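To keep things clear, I will list the structure first and then write my remarks on it.
The values are calculated or read from the model by the stated rules, or taken from the named source; none is laboratory data. Computed from a prediction, not measured in an experiment: that's the story for all the values here. A quick note on method: Cβ atoms are made from the backbone with ideal geometry, for glycine too, and the neighbour counts reach across all protein chains shown. Ligands, DNA and RNA are excluded from the accessible area calculation, which covers all protein heavy atoms including side chains. Shrake-Rupley method; radii C 1.70, N 1.55, O 1.52, S 1.80 Å.
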Amino acid sequence: MAGRNFELNDRRKKKKPIRFKDLILFEDERVIVVNKPGGISSLSDRDTEVNMQTLGKKYHPEATLAHRLDKHTTGALIFAKGTDNYRELAGAFARREVIKHYIALIHGSRDFEEEIIELPIGTSGRGKARIDMEEGKDSLTVVDTAEKFRHATLVDCQPLTGRTHQIRIHLTAIGCPLVGDSLYGGKDIFLSEIKRNYKFNRKLEESPINDGFLLHARGIALPLPGDDSETSFIAPLPKKMETAVRILRKYDT
């Protein structure tokens with residue numbers, strides 16, 4: 001190798017840049033509704049300059065987020081166009097006129113039918129929520145089973161309040177944390193754990209089927225500015241959630 005000239009080429013796989021236009025589910029003169037990808041914050045993030053608000057502003061200079069989703073939560077996210085439309089949407093959220101449904105994958109085979117979780121939530125100051133019976137804020141989540149497997153359950157969650165990490169901490173509190181949610185006691189699921197006669201490849205490290213925790217804002221319904229009737233938006237499931245569910249249906253039923 002002595003004396004040989006060479007270049008340090010970076011052959012690592014690079015992530016494709018996010019195209020805001022590709023995320024749009026609906027747009028008119030009042031709002032933009034997008035299907036937020038995972039791994040990107042709604043607002044500012046210390047780890048990256050890219051967030052949904054900056055992407056929205058680049059697409060439309062008057063776009064302002066009407067609400068937020070956690071960094072690793074995917075799904076329906078609404079921007080208002082202009083101050084007046086933002087004010088009306090903010091009012092609808094404040095008056096709890098907005099219906100939100102989330103899909104989540106949790107540990108355990110569970111049967112829920114309009115299960116009400118009503119536990120006050122506080123924060124630890126380190127970005128983590130906790131059940132706080134003395135000083136926590138009133139928090140209410142309704143949970144239904146959408147699809148049940150042997151080791152996991154796909155649930156529909158309707159948060160009737162909007163606390164930090166509400167769905168995640170509420171589900172953990174009743175003994176069924178989100179699969180892969182290590183912050184709140186969740187663990188990964190591996191194919192070797194659910195597939196009979198699984199053949200190990202000792203040369204490769206096995207990857208989990210979930211690729212992080214799976215929490216998706218599936219649908220949102222609310223009155224749009226200047227319209228008293230309710231409008232609904234549905235966000236398709238991300239590919240990694242579809243893949244995990246497909247594997248569970250095949251090997252864990």
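Quick look at the numbers
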quantity	calculated
Listed residues ASN35, ASN210, ASN197, most fluctuating in the chain (Gaussian network, C-alpha, under 10 Å)	ASN197
Debye log10 I(q)/I(0) at q = 0.14, 0.15 Å⁻¹ for segment 21-152, Cα point scatterers	-0.84, -0.94
Where only alpha carbons of segment 74-141 are counted, the Rg and the Dmax (Å)	16.1, 46
GNM top mover of ALA217, ALA94, ALA235 - the chain, alpha-carbon springs below 10 Å	ALA94
Anisotropy class of segment 24-87 from Cα gyration tensor, a/c 1.5 cut	prolate
Choice from THR145, THR73, THR231 with maximal GNM fluctuation in the chain (Cα, 10 Å cutoff)	THR231
Ratio Rg/Rh, restricted to segment 126-194 and using Cα atoms, in which Rh is the Kirkwood radius	1.00
Label-point separation in nm, THR145 to GLU27, each point 7 Å along Cα→Cβ	4.2 nm
Protein accessible area in the chain, 1.4 Å probe - carbon and sulfur %	47 percent
Charge tally in the Cβ shell below 11 Å around LEU237, where Lys, Arg are +1 and Asp, Glu are -1, LEU237 excluded	+3
Simple Cβ-charge dipole of segment 102-197, Lys/Arg +1 and Asp/Glu -1, about Cα centre, in debye nearest 20	560 debye
Cα-based shape type of segment 114-163, given that a ≥ b ≥ c are square roots of the gyration tensor eigenvalues and the cut on a/c is 1.5	prolate
Members of LYS16/LYS36; LYS195/LYS240; LYS100/LYS187; LYS16/LYS58 lying beyond 23 Å, as alpha-carbon distances in this model show	LYS100/LYS187
In order through segment 95-101: 3J(HN,Hα) via Karplus (6.51 cos²θ - 1.76 cosθ + 1.60), integer Hz, x for Gly, Pro	7, 6, 8, 9, 9, 10, 10
Around ASP84: net Lys/Arg minus Asp/Glu count, Cβ-Cβ under 15 Å	-2
Accessible surface, the chain, averaged per residue in Å² (probe 1.4 Å)	61 Å²
Translational diffusion coefficient (Stokes-Einstein; Kirkwood radius from C-alpha pairs) of the chain at 10 °C, 1.306 mPa s, in µm²/s	79 µm²/s
Label-point gap, in nm, between GLU205 and THR243 - each point 7 angstrom along Cα→Cβ	1.7 nm
FRET efficiency estimate (nearest 0.05) - Cβ-Cβ, ARG87 to LYS187, R0 45 angstrom	0.55
Loop-located trypsin sites (Lys or Arg not before Pro) in segment 149-207 whose Cβ has at most 10 other Cβ within 10 Å (DSSP)	ARG196, LYS199, ARG202, LYS203
Computed helical MRE - 222 nm, the chain, DSSP H runs ≥ 4 contributing -39500 (n - 2.57), nearest 500	-5000 deg cm²/dmol
11 Å beta-carbon shell around PRO225, net charge (K/R +1, D/E -1)	-3
